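Read the structure below first, then the notes.
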2 protein chains.
Amino acid sequence: MSQNAELPSAANVQDAAAFLRGRVTRTPALRLAALEPMVGCELWVKCENLQHIGAFKARGALYAVGRLPPEQVRRGVVTYSSGNHAQAVALAARAFGTTARVAMPTDAPRVKVEAVRSLGAEIVFAGTTSRERQRAALALSAETGAVIIAPFDDPHIIAGQGTATLELCDYVAAATDGAGLDALLVPVGGGGLIAGACLVAAERGTRVVSVEPEGCDAMARSMESGQRVTVEPAATLADGLKPVEVGALNFAVAQRHLAAWLRVDDEAIGRTLVTLLLHAKLLVEPSGAAALAALFSKPLPFPAKRVGVILSGGNIGKDLLTDLLARFTPYEHAPLAPGAATV
Amino acid sequence: MSQNAELPSAANVQDAAAFLRGRVTRTPALRLAALEPMVGCELWVKCENLQHIGAFKARGALYAVGRLPPEQVRRGVVTYSSGNHAQAVALAARAFGTTARVAMPTDAPRVKVEAVRSLGAEIVFAGTTSRERQRAALALSAETGAVIIAPFDDPHIIAGQGTATLELCDYVAAATDGAGLDALLVPVGGGGLIAGACLVAAERGTRVVSVEPEGCDAMARSMESGQRVTVEPAATLADGLKPVEVGALNFAVAQRHLAAWLRVDDEAIGRTLVTLLLHAKLLVEPSGAAALAALFSKPLPFPAKRVGVILSGGNIGKDLLTDLLARFTPYEHAPLAPGAATV
């Protein structure tokens, strides 16, 4: 970690993309022209809610498990997660013919717990913080010799998650005669997605902006203090974005490349989720709405004409969705200017 | 109409596609591997819910208005519609710098009425059947000299709507080494979408299947009796699929190419809508769920390995969506087999 040479690179993301071809969905990149009058810029989204298991996490887990030596694969894998990474590791274990055991928080959404179970993984419930479930996973690994597939602080995970940004950047570049994105907004939990995004986007002159729920702002506070800071995560709708701290590797990459960091509240997350649903016809989970929520509720700290947003996942249950529809009003809809979106 | 030469052709759809490039969204075609265990075949959907104005209707209207001589464009356009075609004509009028007047049913969903208004069109309410609003449009046209943009019984409309099928067939062919779709399920109101689909799909050996709500089965009954039949449309969730009869041109094309016709009930439509939302993260309106509902609730009358479905639109209001979430249970979810979907 102290050597720059140890940090993953854009080339690692390219390697991951080659490995993952045919193993993950090349999810749609869409220009959401209908929402552009509300945000005042071109809006390009990457629909990782349409990825296998409903979230980008399938990318990193399939790459990390797929790169293990065969004898390690045979011993099975272990992980800890609030939900989507757990599903992703369960999926990856099944894809590579082995078993997965997963430490999940006792307050994980039922829809995520059921999805992990239905993918054939064994669940061990362990507290409500990322620390507690990490400890449980370490114990499982020590018991069985199974490798831990870390949720974010791992070079293969970072490279795998980076492929979502790679696909989005390639798509926008092709659609804009090479101009590409001026800014990219990425939700941050432990930092896997944003570290991968930084590796790809920074090389192309795209400024990467992290978005965290208020009070779950481990990345923002770490950036502000110049070193990793732990937080006591506040309550938030975005259950996927509340680790105690960002990963060491993830922070090291962010420190070199991150252009800005923003915080969003539940009101913005809920309204954005409902707006995306009713006006863009896309279902995202609260964590998946967070990055776009920043664009709806905050000024960007620099000018940007073409803005990308990663819609990181769509795993939300019927009850919570019904509740959010009742509680939140969509942002005001301005109808599409014809010809504005041509992709 | 009595001459075969007068029927639109696959070449007309290609012309429409060339005209519409850059004017409509090339919507995603997705393989929904997560739903495949429920339907027992490969499932490829065309996401016209992600089209401009939230429905495929933008295609036909932009092509029909765009092909008018300039002096006709200047006089404005008139149409009649239960909703999505009204929005589409309003959009097209604005795109080509003219005005639109639209006869809509008094029971049109509020979300559709507001969308038409916000696109700058003038609305005239006229009864609840397609006949009544057609009469109102004729009167408006006679008064002002404005051209009527018919919702379905028109060669340009059919050619324009056909471009959705063209894109889907091209996509699946490319993804399957040229094999393409065995069957394509298309929802039918007046028959614009299905006539266009027939022109494209029949040429490629893809068997086209129409889907209508029970009791709104003008196409099925016309196919069964060998001539156009009018119906008294029954109540249905699918407000976009209840014309009194299918168009003359549309029926003529269907008679030559349609492989089968199916009917679906509200239960299947509602459950399919909720399944698509929670398990595929896509919001469709009831009419947009109808074709897939047939695959969930009926056996196909012939074997098909790769089945395409057009998700025709996504314009549904918050209240109806909330109501459907409360009333309908999704079809049982089987998690994604890794590697099953690779597109």
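Every number in this text was worked out from the coordinates using simple rules, so none of it is lab data. Every value quoted in this text rests on a predicted model; they were computed, and no experiment measured them. Glycine also receives a Cβ, built like all others from the backbone with ideal geometry; neighbour counts cover every protein chain displayed.
For residue A:96 and residue A:234 in the same chain, what is the full-extension length gain: residue separation times 0.36 nm, less their Cα-Cα distance, in nm?
Working: separation 138, 0.36 × 138 = 49.68 nm, distance 3.69 nm.
Gain in length upon complete extension: 46.0 nm.
Search the structure for amide H atoms under 5 Å from the amide H of residue A:100, placed 1.01 Å from N in the peptide plane, and list their residues when 5 or more places away or on another chain.
A:77, A:122
Taking the Cα centre as origin and putting +1 on Lys and Arg beta-carbons and -1 on Asp and Glu beta-carbons, what dipole magnitude results for the stretch B:1-158, to the nearest 20 debye?
Values: 18 positive and 13 negative charges, 83 e Å.
In total the dipole reaches around 400 debye.
With +1 on the Cβ of every Lys and Arg and -1 on the Cβ of every Asp and Glu, and nothing else charged, how large is the dipole of chain A about its Cα centre, in debye rounded to the nearest 20? Intermediate values should be presented prior to the final figure.
Details: 32 positive and 32 negative charges, 141 e Å.
Dipole of chain A, to the nearest 20 debye: 680 debye.
Averaging the inverse of every distinct alpha carbon separation and then flipping it gives the Kirkwood radius. What is it for the stretch B:38-94, in angstrom units? Mind showing how you got there, number by number?
Working: mean 1/r = 0.0782 Å⁻¹.
It is 12.8 Å.
What is the magnitude of the charge dipole of the stretch B:151-307 about its Cα centre, with +1 placed on the Cβ of each Lys and Arg, -1 on the Cβ of each Asp and Glu, and no other charges, expressed in debye to the nearest 20?
Details: 12 positive and 18 negative charges, 84 e Å.
Result for the stretch B:151-307 is approximately 400 debye, rounded to the nearest 20.
Less than 16 Å apart at the alpha-carbon level, and either on another chain or at least 8 residues along: which aspartates and glutamates does that give for residue A:242?
Result set, ordered by chain and number: A:107, A:132, A:153, A:212, A:214, A:217, A:232, A:265, A:266, A:285.
Whole-Hz ³J(HN,Hα) for each residue in the stretch B:60-77, computed from phi via Karplus 6.51 cos²θ - 1.76 cosθ + 1.60 with θ = phi - 60°, x for glycine and proline: what do you get?
Karplus-based 3J(HN,Hα) across the stretch B:60-77 equals x, 5, 5, 6, 5, 5, x, 8, 5, x, x, 5, 6, 4, 4, 6, x, 10 Hz.
Provide an ascending nm list, one decimal, of label-point separations from residue A:9 to the equivalent residue in each further copy; define each label point as 7 Å from Cα along Cα→Cβ.
5.7
Would you work out if the stretch B:55-162 is rounded, prolate or oblate? Take a ≥ b ≥ c from the square roots of the eigenvalues of the alpha-carbon gyration tensor; rounded if a/c is under 1.5, else prolate when a/b is larger than b/c, oblate otherwise. Don't jump to the answer; show the numbers that get you there.
Values: a/c = 1.40, a/b = 1.23, b/c = 1.13.
Rounded, because the longest to shortest axis ratio a/c is under 1.5.
If I model a spin label as a point 7 Å beyond the Cα along the Cα-Cβ vector, how far apart are those points for residue A:305 and residue B:173 in nm?
Result for the modelled spin labels: 3.7 nm.
For residue A:70, place a label point 7 Å out from Cα along the Cα→Cβ vector, do the same in each other copy, and report the separations in nm, one decimal, smallest first.
Nearest to farthest, the other copies are at 7.2 nm.
Hey, can you rank A:55-64, A:239-248, A:149-158 by average C-beta count inside 10 Å, highest first?
Details: A:55-64: 30.7, A:239-248: 23.5, A:149-158: 25.3.
Packing order, densest peptide first, comes out as A:55-64, A:149-158, A:239-248.
Distance in whole Å from the A-onto-B rotation axis to the closest C-beta of chain A, together with the residue it belongs to, please.
A:28, 2
Among the aspartates and glutamates, which fall within straight-line cross-link reach of residue B:305, defined as a Cα-Cα distance under 12 Å, with same-chain neighbours fewer than 8 residues apart omitted?
Reachable aspartates and glutamates: B:36, B:42, B:182.
Between residue B:128 and residue A:110, what FRET efficiency comes out of the Förster formula 1/(1 + (r/R0)^6) with R0 = 35 Å and r the beta carbon distance, rounded to 0.05? Intermediate results must be reported in sequence, preceding the final value.
Details: r = 42 Å, r/R0 = 1.21.
FRET efficiency, residue A:110 to residue B:128: 0.25.
Shielding by partners for A:274-281, please: the mean number of other protein chain Cβ atoms within 10 Å of each residue's Cβ.
Numbers: counts 1, 0, 1, 7, 9, 4, 5, 18.
Other-chain Cβ atoms within 10 Å of each residue's Cβ, averaged: 6.
Can you give the local net charge around residue B:320? Use residues other than it whose beta-carbon is closer than 10 angstrom to its beta-carbon, Lys and Arg +1, Asp and Glu -1.
Numbers: positive: B:110, B:318; negative: B:239, B:285, B:319, B:323.
Its environment carries a net charge of -2.
A 30 angstrom limit on the alpha carbon distance is what I want to check against. Which of A:112/B:57; B:46/B:318; A:318/B:46 exceed it? Before the final figure, lay out the partial values.
Numbers: A:112/B:57 37 Å; B:46/B:318 23 Å; A:318/B:46 24 Å.
Pairs exceeding 30 Å: A:112/B:57.
Can you list the copy-to-copy distances for residue B:177, using a point 7 angstrom from Cα toward Cβ, in nanometres, shortest first?
Those label-point separations list as 4.0 nm.
Mind checking which of B:216, B:33, B:85 is farthest towards the positive end of chain B's charge dipole, using Cβ charges of +1 (Lys, Arg) and -1 (Asp, Glu) about the Cα centre?
B:85
Just tell me how shielded B:200-207 is by partners: mean number of partner chain Cβ atoms within 10 Å of each residue's Cβ, no decimals.
Details: counts 0, 0, 0, 0, 0, 0, 0, 0.
Per residue, the average neighbour count from other chains is 0.
Which of A:243, A:231, A:275 sits closest to the plus end of the dipole of the stretch A:217-343, meaning its Cα is farthest towards the positive end, when Lys and Arg get +1 and Asp and Glu get -1 on the C-beta?
Checked the options; the winner is A:275.
Report, as an integer, the average count of C-beta atoms from other chains found within 10 Å of each Cβ along A:24-32.
On the way: counts 4, 7, 2, 3, 6, 1, 5, 1, 1.
If you average over the peptide's residues, the count of other-chain Cβ atoms is 3.
Evaluate E = 1/(1 + (r/R0)^6) for residue A:67 and residue A:203, where r is the Cβ-Cβ distance and R0 equals 25 Å; express this FRET efficiency to the nearest 0.05. Each step should come with its number before you reach the end.
On the way: r = 23 Å, r/R0 = 0.90.
For residue A:67 and residue A:203, the calculated efficiency is 0.65.
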